[in-house]
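Colleague: Provided herewith is a single structure, encoded as structure tokens, for subsequent inquiry.
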Amino acid sequence: AAQGAFNPFNPFNQDISGGSRIRLAEFGNRIYHNRNTAFAFTEGVTVNNIADKWNLDAKIRFSSITNQSNIRLISTSRFLRALNANDPIFNPASPSFIGTTTPYNPFGFFRNAIPTNAVPVAFATHFQRDENSSTMADAGVGLNTGELFSLPAGDVGFALGVDFRREAINQAPDSTLQAGDILGAPPAAPIERQRKIGSYFAEAEIPVFSDKHSAGFAKALSLNIAARYESFFTSSRHAFVPKIGLRWMPKDETLVFRTSWGKGFAEPSLYQLFSGKVAGLTPITDPVTGNFEPEQNVTVTGNKALQSETSKSYNLGVVWSPKGALEGFTLAVDAWQIQRSGQVLGNVGDFKVNGLDLATSYIWRTESAGRFEAGVNAIMLNRFDYQTAPTLASFNYVGQQDPRASPGDDGILKWKGQGWVGWNYHGFNTRLTANYTGGFVDFTDSDDPVGTAFKVKSTIFYDLQMSYTFFPSKSSADRTWWSDLKATAGVTNLFDKDPPFASGGGGNSNGYPGFLYTDVGRFVYFGLEKKL
């Protein structure tokens, strides 16, 4: 046999290398056991009427999330030993003997397990134990007043404050993974990073016209001006984001027009900046050529050179609240647009999205049967222009797969929304909600390199919730320790409906869009709430 070809089942009489692949089905599924622990603490104090004008709010918060995982994978070094018939693990006289003299046979058919492979499989199986945690401590104080000074139309409201927070992540991968001894995964290094951020903000609400100082075209007109400045002490970065809003109510008082403009930014998360290498095989679309690759080696890692993402947003809306026969009905329509540059996943490509938000509700109060309500909220996406690479033109992905997610896992939906009906009577409340999620174009697994297009179906899931408040109090004076005890029962996915099928070119292991749905099915929950 050629040197190195130590497996007696190897029909090629030489090492197998290069572009060959094997699916180690006899090792079973990769099984992930995750335990998540979340803790949050908030404390605050409010002081009103300081100098008969100012109100003070101070708060301190702490939160942490810890993930402990136990994953059944394969040790690279042990797997190579399990292939080598000359290794001492197959020698009964060796102290490392594993109980069989037959090495792992990689040339069987996975549907018919090879009995002699059971012991080498158990030897090469490794249970990877990782622990990752993140924490955030936040403290801040704010001052606000509704009477900074007076104008002809009324008093000017003003608020200002300061906030300080510390963010931290700690990733402790299994020692075997740190050594690069997990099959199909690159070495991972432990990470312990933190950053400190100071924020300063101010906001003013300025009345221009009102009942005190009206105009022929306006019952009320007010201007909102706000700004926030953030300083990242640990990276010497700074950001300033302003916002301006205008609210106008004409003389008939049934319409309110509102508009706003603002800037924004998003700092990369600590994970995006410093996370270790994560390898995988995934279907991808080449960002330069546009060609679809059904399976490609991909390594994802943090990039400490990432810069902030900047954005601009625009909003124009109207709210209609008619009187008379239609009193209790409200309709709100908002047109909006967001432009982003330097997205934090890679600081490449531009992004522009615009659409409409629709919200309508009707409340019908009766003297003997309680209060009935119904409503619909919906988002209509008009454009989702996204650049997958600086060398490519923007493409409108509305109704298509989301280019930022794994194929089949997410889509850019044209429509998404919910409708509901509810009834409230003497402390009893019930609501039936229909949740609508639109469909998008997906690709099947076929011989065609780009697959065959088909559409992931739109779906409607129904939720039902009922609650009852025991011993309701009418005022704080008659409130006791048992007052306002609220019991809740509900069902999500009332009819136990499955999510729609998605292929992702044969690369979607869920079989459904994992970012849009879950496969939990019908879920029943109960709750008991008491506010002190």
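The values are calculated or read from the model by the stated rules, or taken from the named source; none is laboratory data. Only a predicted model underlies this, so the values are computations on that prediction, with no experimental measurement involved. Cβ: placed from backbone, ideal geometry, glycine included. Neighbour counts: every protein chain shown. Side chains included, ligands, DNA and RNA excluded: accessible areas come from the protein's heavy atoms. Shrake-Rupley method; radii C 1.70, N 1.55, O 1.52, S 1.80 Å.
Colleague: Return only the number of the condition from (1) open to solvent by 60 Å² or more (accessible area, probe 1.4 Å); (2) within 30 Å of residue 238 (Cα to Cα) that residue 137 does not satisfy.
Modeller: It fails just one condition, (1).
Colleague: Okay, moving on. Considering each residue of the range 55-78, count those that are open to solvent by less than 60 Å² (accessible area, probe 1.4 Å), touching a strand residue (DSSP E or B) at 6+ places or on another chain (Cβ under 8 Å) and farther than 24 Å from residue 166 by Cβ, and give that number.
Modeller: To start, the set of residues in the range 55-78 that are open to solvent by less than 60 Å² (accessible area, probe 1.4 Å) comprises 55-56, 58, 63-64, 66-67, 69-71, 73-77.
When the remaining residues are screened for being touching a strand residue (DSSP E or B) at 6+ places or on another chain (Cβ under 8 Å), the result is 55-56, 58, 63-64, 66-67, 69-71, 73-76.
Okay, now just the ones that are also farther than 24 Å from residue 166 by Cβ, so 55, 69-71, 73-76.
Counting residues in the range 55-78 that are open to solvent by less than 60 Å² (accessible area, probe 1.4 Å), touching a strand residue (DSSP E or B) at 6+ places or on another chain (Cβ under 8 Å) and farther than 24 Å from residue 166 by Cβ gives 8.
Colleague: Which pairs turn up if I take residues in the range 306-318 that are closer than 14 Å to residue 349 by Cα and look for partners that are among the polar types (S, T, N, Q) and assigned to a strand (DSSP E or B) with beta carbon separation below 8 Å, at least 6 apart in sequence or on another chain?
Modeller: 309/341; 310/341; 311/339; 311/341
Colleague: Okay, moving on. Which count do you get for residues in the range 403-431 that are closer than 18 Å to residue 444 by Cβ and touching a Gly at 6+ places or on another chain (Cβ under 6 Å)?
Modeller: Total meeting the criteria: 3.
Colleague: Right, residue 408: out of contact with any Lys or Arg (no Cβ under 7 Å at 6 or more places or on another chain), buried (at least 16 other Cβ atoms within 10 Å of the Cβ), assigned to a loop (DSSP other than H, G, I, E, B) and of a type outside the set (A, V, I, L, M) or not?
Modeller: Values: out of contact with any Lys or Arg (no Cβ under 7 Å at 6 or more places or on another chain): yes; buried (at least 16 other Cβ atoms within 10 Å of the Cβ): yes; assigned to a loop (DSSP other than H, G, I, E, B): yes; of a type outside the set (A, V, I, L, M): yes.
So residue 408 fits the description; yes.
Colleague: Of the conditions (1) surrounded by 15 or more Cβ atoms within 10 Å (Cβ to Cβ); (2) among the small types (Gly, Ala, Ser); (3) within 30 Å of the chain's Cα centre (by Cα), residue 220 clears all except one; give me its number.
Modeller: Condition not satisfied by residue 220: (3).
Colleague: If you don't mind, there's one more thing I want to ask. Go through the range 24-33 and count every residue that is under 17 Å from residue 185 (Cβ atoms) and assigned to a strand (DSSP E or B).
Modeller: Residues meeting the conditions: 2.
Colleague: Looking at 392, 306, 326, can you tell me which residue is more than 30 Å from residue 506 (Cα to Cα), at pLDDT below 95, open to solvent by 30 Å² or more (accessible area, probe 1.4 Å) and hydrophobic (A, V, I, L, M, F, W, C)? Write out each step before concluding.
Modeller: Numbers: 392 fails: more than 30 Å from residue 506 (Cα to Cα); 306 fails: open to solvent by 30 Å² or more (accessible area, probe 1.4 Å).
The conditions single out 326.
Colleague: Going through the range 60-102 one residue at a time, which ones are in a strand (DSSP E or B) and either of a type in the set (A, V, I, L, M) or under 30 Å from residue 45 (Cβ atoms) (or both)?
Modeller: 60, 61, 62, 63, 64, 65, 66, 71, 73, 74
Colleague: Please give the number of the condition residue 232 fails out of (1) open to solvent by 40 Å² or more (accessible area, probe 1.4 Å); (2) under 31 Å from the mean Cα position of the chain (by Cα); (3) within 25 Å of residue 276 (Cβ to Cβ).
Modeller: The one condition residue 232 does not meet is (1).
Colleague: Looking at 203, 192 in this structure, which one is part of a strand (DSSP E or B) and modelled with pLDDT of 95 or more? Spell out how you get there, then give the answer.
Modeller: On the way: 192 fails: modelled with pLDDT of 95 or more.
Criteria check complete, one pass: 203.
Colleague: Does residue 93 fit the bill of being under 30 Å from residue 194 (Cα atoms), exposed (fewer than 15 other Cβ atoms within 10 Å of the Cβ) and modelled with pLDDT of 90 or more? First the steps, then the outcome.
Modeller: Numbers: under 30 Å from residue 194 (Cα atoms): no; exposed (fewer than 15 other Cβ atoms within 10 Å of the Cβ): yes; modelled with pLDDT of 90 or more: yes.
Spelling it out, it is not the case that residue 93 is under 30 Å from residue 194 (Cα atoms), exposed (fewer than 15 other Cβ atoms within 10 Å of the Cβ) and modelled with pLDDT of 90 or more.
Colleague: Any residue at all in the range 38-54 that's more than 30 Å from residue 171 (Cβ to Cβ), among the acidic types (Asp, Glu), open to solvent by 50 Å² or more (accessible area, probe 1.4 Å) and within 42 Å of the chain's Cα centre (by Cα)? Break it down into steps so the answer makes sense when it comes.
Modeller: Here is the first cut: in the range 38-54, the residues more than 30 Å from residue 171 (Cβ to Cβ) are 44-54.
When the remaining residues are screened for being among the acidic types (Asp, Glu), the result is 52.
Now restrict to residues that are open to solvent by 50 Å² or more (accessible area, probe 1.4 Å): 52.
Filter once more, keeping what is within 42 Å of the chain's Cα centre (by Cα): none.
So far as the range 38-54 goes, no, none of its residues is more than 30 Å from residue 171 (Cβ to Cβ), among the acidic types (Asp, Glu), open to solvent by 50 Å² or more (accessible area, probe 1.4 Å) and within 42 Å of the chain's Cα centre (by Cα).
The rows are residues; the columns are (1) assigned to a strand (DSSP E or B); (2) open to solvent by 40 Å² or more (accessible area, probe 1.4 Å).
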position: 334; (1), (2): yes, no
position: 338; (1), (2): yes, yes
position: 343; (1), (2): no, no
position: 352; (1), (2): yes, yes
position: 357; (1), (2): yes, yes
position: 368; (1), (2): no, yes
position: 375; (1), (2): yes, no
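Colleague: Next up: Restrict the check to the range 441-450 and report whether at least one residue is of a type in the set (S, T, N, Q), under 28 Å from the mean Cα position of the chain (by Cα) and buried (at least 18 other Cβ atoms within 10 Å of the Cβ). Give the derivation first.
Modeller: The initial filter retains those residues of the range 441-450 that are of a type in the set (S, T, N, Q), namely 444, 446.
Next cut, under 28 Å from the mean Cα position of the chain (by Cα) only: 444.
The next check asks that each one be buried (at least 18 other Cβ atoms within 10 Å of the Cβ); those that pass are none.
Scanning the range 441-450 turns up no residue that is of a type in the set (S, T, N, Q), under 28 Å from the mean Cα position of the chain (by Cα) and buried (at least 18 other Cβ atoms within 10 Å of the Cβ).
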